[in-house]
Amino acid sequence: MTDPVYLDHAATTPMVPEALEAMVEQLGRAANPSSLHASGRAARRAVEEARERVAAALGCRPGEVVFTSGGTEADNLALKGVAWARRDADPHRTRLLATAVEHHAVLDPLEWLEEREGFAVEHLAVDAAGRLDPAALDAALSDPSGVGLVSVMWANNEVGTLQPLDRVVGAASAHGIPVHTDAVQAVGAVPVDFAASGVDAMTVSGHKVGGPHGVGALVVRRDLPVAPLLHGGGQERDVRSGTLDTPAVVGFATALDLAVARQAEHADHLRALRARLVDGLRRVVPDVVLNGPGPDSAPDSVLGWDEARLPGNVHVSFPGCEGDSLLMLLDARGIECSTGSACSAGVPQASHVLLAMGRDDDAARSSLRFTLGRTSTESDVDAVVEAIGPAVERARAAKL
């Protein structure tokens, strides 16, 4: 059996050998990094050395790195923790701002805060390329009173659009409002520097950069109050209690270090593959629609369209098709990708990202996301181009 053509790197990436080796080495050592004996101190040393490597890779101080179980926990900690702490300091701070295209790890905690905690969530509009509309941000901040937090992702996980974080930080910081960004998709794909960006809190995840599942971090300024979600041993400066997973932390740091060091070369490689894939899809299926920044939908940016989105992201709609049908037809050919829709309780739903970009329900349900990564090759791209024509024909016939 041949290996599948794996083009779902935005969902998870294969572990790099160096991270796996570092993790396995630690798995053979039984010690709690909070213990005071020699083995515990050795584990603590491994954790703190990993923290320093993560900080160096992300452009922050080691004391600003709070290890978590992954991106979802880090997003929840940032949103709930900062919202609660800010409201405790000023009961009127109950407005929370976020774009309409955030990951559900941001949108769902915000919805919970609104329904259960009395906060008012405002979803900021985006343009046809999925980029935050500056006018929407300006309107929301025209009366900054009561705004506790702004959350804008660094790069969109579905269509790959890079957001104007400098614009967001400039507008929010003028009123003393902290900014959180989910940078899970951006780290290792584009340059990410916490200090230079000016954001106050940033989410990262291990398995998106060639590290293990179940580990990530919230990078957060030391002077930004964060109410903990977990209470217990007081680990991670009393912001995130719980015994740290030393092997996962070390594997994460190793992978992140390599991903950042190789980022520029990696991005060039992915952009070349992305151009090959887009050209091939358009040749075989002329009416295919590229979602997100593209030649026909460049955002209001000094960047060219190909630099205004993640280098490995190709999100496309095939008119007259169901994305789920296309996915299964390609999967039968050994090609693995994802749809542009989320699935809730087994019921396919149109992508909230595409709907926010102004696409209708049919267009939003006709999409596929191909995401390239470290292991992707030209032969992978060519396999997709070869298979997509017959798959689209069958999917359209099935929908008639």
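The values are calculated or read from the model by the stated rules, or taken from the named source; none is laboratory data. Since this is a predicted model, take the numbers as computed values, not measurements. Virtual Cβ from ideal backbone geometry, glycine too; neighbours counted across all protein chains shown. Protein only, heavy atoms only, side chains kept; ligands, DNA and RNA dropped before computing areas. Shrake-Rupley method; radii C 1.70, N 1.55, O 1.52, S 1.80 Å.
Worth a mention:
- Test: ALA46 is farther than 29 Å from ASN157 by Cβ and buried (at least 20 other Cβ atoms within 10 Å of the Cβ): yes
- Of all residues in segment 341-391 being among the polar types (S, T, N, Q) and at pLDDT below 90, the one that is least open to solvent (accessible area, probe 1.4 Å): SER341
- Scanning segment 265-280 for residues that are without any contact (Cβ under 8 Å) to a residue 12 or more places away in the chain and aliphatic (A, V, I, L, M) yields a single hit, ALA272.
Residue-wise test of (1) touching a helix residue (DSSP H, G or I) at 6+ places or on another chain (Cβ under 8 Å); (2) more than 22 Å from ALA261 (Cα to Cα); (3) surrounded by fewer than 16 Cβ atoms within 10 Å (Cβ to Cβ).
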residue	(1), (2), (3)
ALA55	yes, no, no
ALA74	no, yes, no
ARG86	no, yes, no
LEU107	yes, yes, no
GLU111	no, yes, yes
GLU114	no, yes, yes
PHE119	yes, yes, no
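- Among residues that are open to solvent by 40 Å² or more (accessible area, probe 1.4 Å), outside any loop (DSSP other than H, G, I, E, B), touching a residue at least 40 places away in the same chain (Cβ under 8 Å) and in contact with a Gly (Cβ under 6 Å, 6 or more places away or on another chain), ALA255 is not included.
- Any chance LEU244 is touching a residue at least 24 places away in the same chain (Cβ under 8 Å), of a type in the set (A, V, I, L, M, F, W, C), open to solvent by less than 20 Å² (accessible area, probe 1.4 Å) and not in a helix (DSSP H, G or I): yes
- Selection from segment 356-388 of residues that are in contact with a helix residue (DSSP H, G or I) (Cβ under 7 Å, 6 or more places away or on another chain), outside any loop (DSSP other than H, G, I, E, B) and more than 23 Å from ALA255 (Cβ to Cβ): ALA363, ALA364, SER367, LEU368, GLU378, VAL381, VAL384, VAL385, ALA387, ILE388
- Those residues of segment 1-46 which are within 24 Å of the chain's Cα centre (by Cα) and among the β-branched types (Val, Ile, Thr), in sequence order: VAL5, THR12, THR13, VAL16
- Some residue of segment 61-69 being basic (Lys, Arg) and surrounded by fewer than 14 Cβ atoms within 10 Å (Cβ to Cβ): no
- Taking segment 1-31 as the range and being of a type outside the set (D, E, K, R), surrounded by fewer than 15 Cβ atoms within 10 Å (Cβ to Cβ), farther than 30 Å from ARG276 by Cβ and touching a Ser or Thr at 6+ places or on another chain (Cβ under 8 Å) as the test, only ALA30 passes.
- Residue under evaluation VAL101, criteria (1) modelled with pLDDT of 95 or more; (2) in contact with an Asp or Glu (Cβ under 8 Å, 6 or more places away or on another chain); (3) open to solvent by 30 Å² or more (accessible area, probe 1.4 Å), criterion not met: (3)
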